[in-house]
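Read through the structure below, which is laid out as structure tokens, and then see the notes.
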Amino acid sequence: MRILVRAAFAASMLALTCNAYAEPVGKASAMIPQASQQSQGSRSDLRLRDNIIRNAELATAERGALEVTFLDGSKLTMGQNSRLTVDEYVYSGNTSASKQTVRYTKGLFRYVSGSIPKDNVKIETPTVTIGIRGTIFRTALLDDGSGLTSVEYGPNGEEYEVVLTSKKTGKTIVLRSGQKVGFDVDGVFEGIVSGQVEGCQ
């Protein structure tokens with residue numbers, strides 16, 4: 001009997017500890033047909049309106065898609081065979097203490113900024129860092145870290161821009177609405193051209 005009581009107590013303490021670190025940062029607001037979340041070594045299939053947990057890895061299935069709506073109203077859509085991690089998320093209204101850092105691993109992504117101050121939002125990839133200035137933009141990443149980024153116009157024709165910085169060379173470029181740029185495995189930028197990254201609506 002004592003063994004059973006101790007085991008039950010240990011299980012309840014473990015659950016409390018896990019819940020203390022399972023900090024929700026948003027919800028799964030749309031999904032087709034399947035996506036998953038891995039947190040603290042445990043993987044689970046996501047359902048609509050499930051909480052998204054800070055530091056969890058999100059993954060979509062083949063021909064799948066997932067939209068996450070964060071607490072500040074920002075939205076991130078993942079296309080098929082995509083992976084990312086929400087490394088940092090602190091939301092305290094519109095104050096300067098709010099922060100958001102998302103790490104893309106591979107796949108297709110579309111990001112729409114919310115109410116967190118733009119200087120406090122970063123998108124990390126294996127080769128470049130993307131900073132925003134009130135923005136809707138798309139990124140496509142291959143397994144080797146090379147990829148493309150493009151910036152959209154707003155719903156009423158607003159012009160946006162992002163700042164991309166190569167992690168290896170330190171070079172920085174500004175990309176504006178209607179433009180796209182590629183970068184290789186070393187974070188070296190190609191020339192800026194007109195156009196849009198396809199996929200991930």
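Quick note: the coordinates plus some simple rules give every number you see, no bench work behind them. Keep in mind the model is a prediction, meaning the values are calculated, not measured. Because the Cβ atoms are built from the backbone with ideal geometry, glycine has one as well, and the counts that use them run over all protein chains shown.
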> In degrees, nearest 10, range 0 to 90: what is the angle between the Cα axis of helix 2-21 and the longest Cα principal axis of the chain?
Replying inline: 20
>> Taking every alpha carbon pair in the chain, what does the distance histogram look like in 5 angstrom bins from 0, in percent?
In response: 1, 8, 15, 19, 18, 15, 10, 5, 3, 2, 2, 1, 1, 0, 0
>> Around GLY154, under 15 Å between beta carbons, what's the net of Lys plus Arg minus Asp minus Glu among the other residues?
In response: +2
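How high is the relative contact order of the chain, given as a whole-number percent (alpha carbon pairs under 8 Å, six or more residues apart)? Intermediate values should be presented prior to the final figure.
Numbers: 524 pairs, mean separation 25.6, N = 201.
For the chain, the relative contact order is 13 percent.
If you take the beta carbon distance between LYS171 and SER96 as r and set R0 to 30 Å, what does 1/(1 + (r/R0)^6) give as a FRET efficiency, to the nearest 0.05? Each step should come with its number before you reach the end.
Working: r = 28 Å, r/R0 = 0.93.
For LYS171 and SER96, the calculated efficiency is 0.60.
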> Which percent of Cα pairs goes in each bin when the distances of segment 118-166 are cut into 5 angstrom slices starting at zero?
Replying inline: 5, 20, 30, 23, 14, 6, 2, 0
> Which peptide among 121-133, 169-181 comes first, and what is the full order, when sorted by highest mean count of other Cβ atoms within 10 Å?
Replying inline: 121-133, 169-181
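If you take the beta carbon distance between GLU158 and ARG43 as r and set R0 to 30 Å, what does 1/(1 + (r/R0)^6) give as a FRET efficiency, to the nearest 0.05? Intermediate values should be presented prior to the final figure.
Working: r = 39 Å, r/R0 = 1.29.
Calculated transfer efficiency: 0.20.
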